[in-house]
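What follows is calculated from the coordinates using simple rules that are stated; it is not laboratory data. This is a predicted model, so every value here is computed, not measured. A quick note on method: Cβ atoms are made from the backbone with ideal geometry, for glycine too, and the neighbour counts reach across all protein chains shown.
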Amino acid sequence: MLKIRRSDDRGLADIDWLHSRHTFSFADYHDSEFMGFGSLRVINEDRIEPSRGFSTHAHRDMEIVTYVLEGALEHKDSIGSRGVIRPGDVQRMSAGTGIRHSEFNHSESDAVHLLQIWILPQQTGLAPEYEQKAFSDSDKRGVLRLVGSRDGRDGSVVIHQDIDMYAALLSEDGSASHDLDAGRAGWLQVARGEIELGEHRLQAGDGVAIEGPYSMLMTGVPGNGDAEVLFFDMQHDG
C-alpha cells in the first residue's frame, strides 16, 4: 500500500522571517487525514531568514530531530547544549520531562533550509538529552544510511522509539533500495530533487506512506541532479 502526500497539499505558514510547509497537522494548520503517521508527529520544512529564528520556548515528551539542507542553524538549550547544525548533521533533542531551547539562523546573509521532525517517544518522563552527529555525502550516496535508531547502532543518533531513520543521496543514475517487513510501516520524505518510486514520480516536499511488506526501489531522475530523501521504518500501528 502506498499513499502519496504531495508537496503542494501540505500546510503553509508564511510570515516575514519564516516560510514553513507542514506535512502533518501543526499549530494553526489542521488536516484530519494527516495528524501524523505512526510515531511520526511532525515533518516541517522550514526556511528561515538570516539572523532570525525561534526564541526560547519549551517542549516536553517529544523526540525532535533537525536535518539541515542548506545553511546553518544555531541551537541553545536549558541543559547547556549549544552548537551549529549544518548540512550532513543530524541533531536529536529528547525533550523528556521538559527542556527550553532556541533556534536561530546562524548566518547574517543567507537563509537556512531545514527539516524538523518530531517523533513520539516510546515512554514519557525521560531525562532531557541532546546529541548531534555528522554523516558525509559519501556515506549516503546510493544507499539508505541509518542516521537514527532506538539502539544507536552503526553510529546513528539514539531515538527513544522503535523507529529507524535513514538518509540517502541519489545521483541522476543512482538508486537505493529497502525491504519493509510485514508489520512495519514506512514514511518516505523527498527533501530535495526528484526521484522515481516504481511508477510514481516524486518531487521535493512529497511524502509517501508505505505499508509492509514492500520492496522499495528509489531511482534518480536523469537531468535533475542529485536528490536527497529521508525514510522512516517503524512499527505498524494499524
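First select every other residue whose beta carbon is under 11 angstrom from the beta carbon of residue 4; then total the charges, Lys and Arg +1, Asp and Glu -1.
Details: positive: 3, 5, 6, 201; negative: 9, 206.
Result for the local shell: +2.
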(message) Ranking request for peptides 42-49, 30-37: highest mean number of other beta-carbon atoms within 10 Å first, then the rest in descending order.
(response) 42-49, 30-37
(request) Could you work out how far apart the two model spin labels at residue 136 and residue 200 are, taking each label as a point 7 Å from the Cα in the direction of the beta carbon, and quote it in nm? (result) 3.3 nm
(message) Please give the charge dipole size of region 76-156, origin at the Cα centre, charges +1 on K and R Cβ atoms and -1 on D and E Cβ atoms. Round to the nearest 20 debye.
(response) 180 debye
(message) Defining a contact as two alpha carbons under 8 Å apart and six or more residues distant in sequence, what relative contact order in percent does region 125-212 show?
(response) 21 percent
(request) For region 71-114 and region 128-206, compute the distance between their C-alpha centroids and round to whole Å. (result) 21 Å
(message) Run the reach check for residue 76 against lysines, Cα to Cα strictly under 21 Å, same-chain hits fewer than 8 apart removed. What comes back?
(response) 133
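Grab the beta carbon distance between residue 61 and residue 215, set R0 = 35 Å, and tell me the FRET efficiency rounded to 0.05.
Efficiency at R0 = 35 Å is approximately 0.50.
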(message) Normalised by the empirical 2.2 N^0.38 Å for globular proteins, what value does the Cα Rg of the chain take?
(response) 0.96
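Could you size up the charge dipole of the chain around its Cα centre, putting +1 on the beta carbon of Lys and Arg and -1 on that of Asp and Glu, and report it in debye to the nearest 20? It would help to have the intermediate numbers written out before the result.
Values: 23 positive and 40 negative charges, 103 e Å.
Magnitude of the dipole: close to 500 debye.
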